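The values are calculated or read from the model by the stated rules, or taken from the named source; none is laboratory data. Given the structure is predicted, the values throughout are model-derived calculations rather than measurements. Cβ placement follows ideal geometry from the backbone for every residue including glycine, while neighbour counts extend to all protein chains displayed.
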Amino acid sequence: MATSYSGLVIWGLIAVIGVVTFLIRLSFIGLFGYLDEIPTRLERGLRFVPAAVLAALVLPSFLTLDSGAGGVALDRLAAGTVAGGVAWRTEDVFMTIGAGMATLWVVRFALLPAL
């Protein structure tokens with residue numbers, strides 16, 4: 001896919017975005033270097049960052065453009081649901097991965113071709 005922007009403009013944008021991202025991260029490191037204690041409100045908000053990042057990374061894998069089920073990949077959704085349940089009950093990473101992958105393979109290769 002071609003674009004009307006020159007290579008110099010694209011590389012300039014990449015550099016600017018990289019510098020801005022670096023400065024945002026550096027600002028937190030610098031800010032917390034001057035504080036003796038993190039404010040309670042900020043600490044409460046930061047507790048939700050890992051869950052939000054995980055959701056942002058995982059959710060797009062459940063949604064697809066070429067699925068016949070309204071944009072949802074049923075095999076991945078089933079595997080993610082089972083893996084989430086196993087993770088909640090056992091809190092074991094390897095059990096979660098194993099259960100999710102086993103469910104994905106069973107649904108993808110045994111159930112979906114039959115439909």
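Would you check if there is a residue in segment 46-53 being loosely packed, with under 11 Cβ neighbours inside 10 Å and of a type in the set (F, W, Y)? Looking through segment 46-53, at least one residue is loosely packed, with under 11 Cβ neighbours inside 10 Å and of a type in the set (F, W, Y).
Quick check, is L77 surrounded by fewer than 10 Cβ atoms within 10 Å (Cβ to Cβ), within 30 Å of P113 (Cβ to Cβ), within 17 Å of the chain's Cα centre (by Cα) and modelled with pLDDT of 85 or more? The answer is no for L77. Just one of the listed residues (I29, I10) is aliphatic (A, V, I, L, M), free of Cβ contacts under 8 Å to residues at least 60 places away in the same chain, assigned to a helix (DSSP H, G or I) and exposed (fewer than 10 other Cβ atoms within 10 Å of the Cβ), and it is I29.
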